[in-house]
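So the structure is just underneath, and the comments pick up after that.
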Amino acid sequence: MKKKKINLRDIKTGEHSGEHTHDDGHNHSSPEEASKFKAYIPAIFSFVLLIAGIAFDYFDTFPFFKDWIRIVWYVVAYIPVGLPVIKEGWASIKRGDFFTEFFLMSIATLGAFAIGEYPEGVAVMLFYAVGELFQAAAVRSSKDSIKALLDVRPNEALVHRDGDFFLVNPETVKIGEKIQVRVGEKIPLDGKLLSEKASVNTAAITGESKPDTIAKGDKVFAGSINLDGVIEIETTKEFKDSSIARILDLVQNATTRKSKTELFIRKFARIYTPIVVFLAIGLTFLPYFFIDDYVFRDWLYRALIFLVISCPCALVISIPLGYFGGLGAASRNGILFKGASFLDAMTKVNTVVMDKTGTVTKGIFKIKEINSIIFGEKEFMKYLMAMEEQSTHPIAKAILEYKADGMDYATTGVSEVAGKGLKGTVNGKTVFVGNKALMTTNNIGVPSETDTIVGSIVMVAIDGKFAGYVTIADELKEDAHQAIEQIRDSGISKIIMLSGDKDSITQQVSNEMNIDWAKGGMLPEDKLNEVEQLKKRSDIKVAFIGDGINDAPVLAASDVGIAMGGLGSDVAIETADVIIQTDQPSKIARAIQIGRSTRRIVWQNIGLAFGVKAIVLILGAGGLATMWEAVFADVGVALLAIVNAVRLQRMKW
């Protein structure tokens, strides 16, 4: 894309210049709508001729409608809907695939013409064609939620280069460049906010319609929409690695990963269809050897009915559509399944194992309590903050968020004491900051009350005297308690927490959340061993939920690996089978419910198709069913199954 210079005055007022306005007032969807309507024209033409022909047949006031005129009339009615099917059947035969639904429909309807049942021959092909049109419409509808993601893929970025702003293709923007986003525009790349604050709509990424308010330095994601004022962002990822690009890739690839049920039905149809063809041949000729008043035309008609009923399209179309609907419903809820097979796998999970930090907690440390002994709180914190400014530890970052007025204290000679803390000089005083082991090593007495503190504790000694301590805690996510309740309500029998954090902290969180069993202080290999031990039991299916690089081995080993997609590491997201885009643990129960709803609808469709077909096949073989019943058993059942599958798109969990 050619670089285009932008008027800064327009940017500040949030206005678009005419040369790059996207909405030009035209109806861009009209050609697509016209194309959809055009697809129905052959069926409408055939339907009108069929109804007219039936009327001519049953009213004696049309004497001309006889002999060759009647035949030509029905042939003309048949061609618009029948010819495309015959061509498909012939193309399949040339590829070596004889027994397709196109072949069955062609033989059945041409056979009906051969025995003089012209209206029924046209009707079968017409209703089959209409069924195919409705199936195509249902497939389009089920894809809408996934295709909608394409609409949020930004196609331009306003980047700061050479002292000015230029419109460029987002794919050309490098990490670390500054971009500007105006009101109502999509954020083109992942980054961190440079402006003081922003209000963004993240519905395309997370499935949450509620606007999200973010502060300076917070992450922003490509595909989000800026709702309030012009904002500036420093890019942290290239376009191909952005959150929206990753989602598109995952969802598009998900449709190619078939479930075991889908694969079975496809294999079954390939065996089932030829068997039915040979049964139809047998139904035509074998009665000759056993029945005295054998009439070839009657038994051929029964065989043709048998063929129409046997068409497996209700199964072959509605089952993949059911899974597609499940994948679409999940993506609308901010849950990404990497394939239909994982929708199935989720329904079998009965044990949930979860990490703590970043999964049920925010992964953000906050000061919980300050206890100073020698100085007042603010002066005590100035000594502590002066030391922690030299550290990159997450706990140091939490301490530095404390607001202390006045001059910063000068710090010199700060050194790290491995595994214990820091030593240095602040404001001319010797200061130790760290754990109890650091205090003990330097002969500094520690109050016994600190032994009962569960959270992370940072102790401070100044000039050889214990000066106080600060406790640091990781906050639970807002929906953490709700998540555990919903997971239990969804039928999960056991919930386990495995964490690399201190065992005392892990146990405290576990007790607070009513988790069945927990263990802390675990290395990645320890978590892996625990999950592998669980999997040795045949009655246990394990879902593991994590977010960090260290969780990747366990995510891969579990029956279903679930990663937190917002805060989660790229490695965890790549390894997992299911991704929770919103980082909300409560979405885990929803993922289970969507999987179960999808499977329930798929099996309802299988039962409906086989049940109705079996009944009408028996009636047809006995001469008790006509082509009209056969049409219902095939096309009617297919349409019912499709309507049932489309229900997934409107379900609420």
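Observations on the structure shown:
- A Förster radius of 41 Å, combined with the Cβ-Cβ distance separating L523 from V643, puts the computed FRET efficiency at roughly 0.20.
- Taking 0.36 nm per residue of sequence separation and removing the Cα-Cα distance, the T412/K535 pair yields an extension gain of 38.9 nm.
- Inter-site label distance for N442 and S92 at 7 Å from Cα along Cβ, in nm: 8.1
- Percent accessible area from carbon and sulfur atoms, region 275-361, protein chains only, probe 1.4 Å: 70
- Restricting attention to region 284-384, the count of lysine pairs at 8 or more positions apart or across chains with alpha carbons under 22 Å apart stands at 7.
- Accessible area per residue for region 410-564, computed on protein heavy atoms with a 1.4 Å probe, is 45 Å².
- Net charge contributed by nearby residues that have their C-beta within less than 14 Å of A614 (K/R +1, D/E -1): -1
- Placing dummy labels 7 Å off each Cα toward the beta-carbon, the span from Y40 to E449 is 7.7 nm.
- Within the accessible area of region 402-449 (1.4 Å probe), percent carbon and sulfur: 49
- Under 12 Å, Cβ to Cβ, from P119 - net charge with Lys/Arg +1 and Asp/Glu -1: -2
- GluC sites (Glu not before Pro) restricted to region 156-198 and DSSP loop, no more than 15 other C-beta within 10 Å: E196
- Separation of the T172 and W603 label points, Cα + 7 Å toward Cβ, nm: 5.6
- Length gained when the stretch N514-S493 is fully extended (0.36 nm per residue, less Cα-Cα span): 6.3 nm
- Label point at K348 placed 7 Å out along Cα→Cβ; residues across region 513-552 whose backbone nitrogen lies under 14 Å: 535-543
- Modelled FRET efficiency - R0 30 Å, F278 with L83, Cβ distances, 0.05 increments: 0.65
- Of all DSSP bridge pairs formed entirely within region 436-595, close to 40 percent run antiparallel.
- Under the combined filter of DSSP loop state and at most 15 neighbouring Cβ atoms within 10 Å, region 47-128 retains these chymotrypsin sites (Phe, Trp or Tyr not before Pro): F59, F64, F98.
- For the listed residue pairs K216/K240; K420/K465; K219/K403; K237/K502, the alpha carbons are over 29 angstrom apart in K237/K502.
- Residue-level accessible surface for V295, protein heavy atoms, 1.4 Å, Å²: 70
- For the pair A55 and D164, the difference between a 0.36 nm per residue extended length and the Cα-Cα distance amounts to 31.8 nm.
The values are calculated or read from the model by the stated rules, or taken from the named source; none is laboratory data. Because the structure is predicted, anything quoted here is derived from the model rather than measured. Note that we place each Cβ from the backbone using ideal geometry, even for glycine, and neighbour counts take in every protein chain shown. Please note that ligands, DNA and RNA were not included when accessible areas were found on the heavy atoms of the full protein model with its side chains. Shrake-Rupley method; radii C 1.70, N 1.55, O 1.52, S 1.80 Å.
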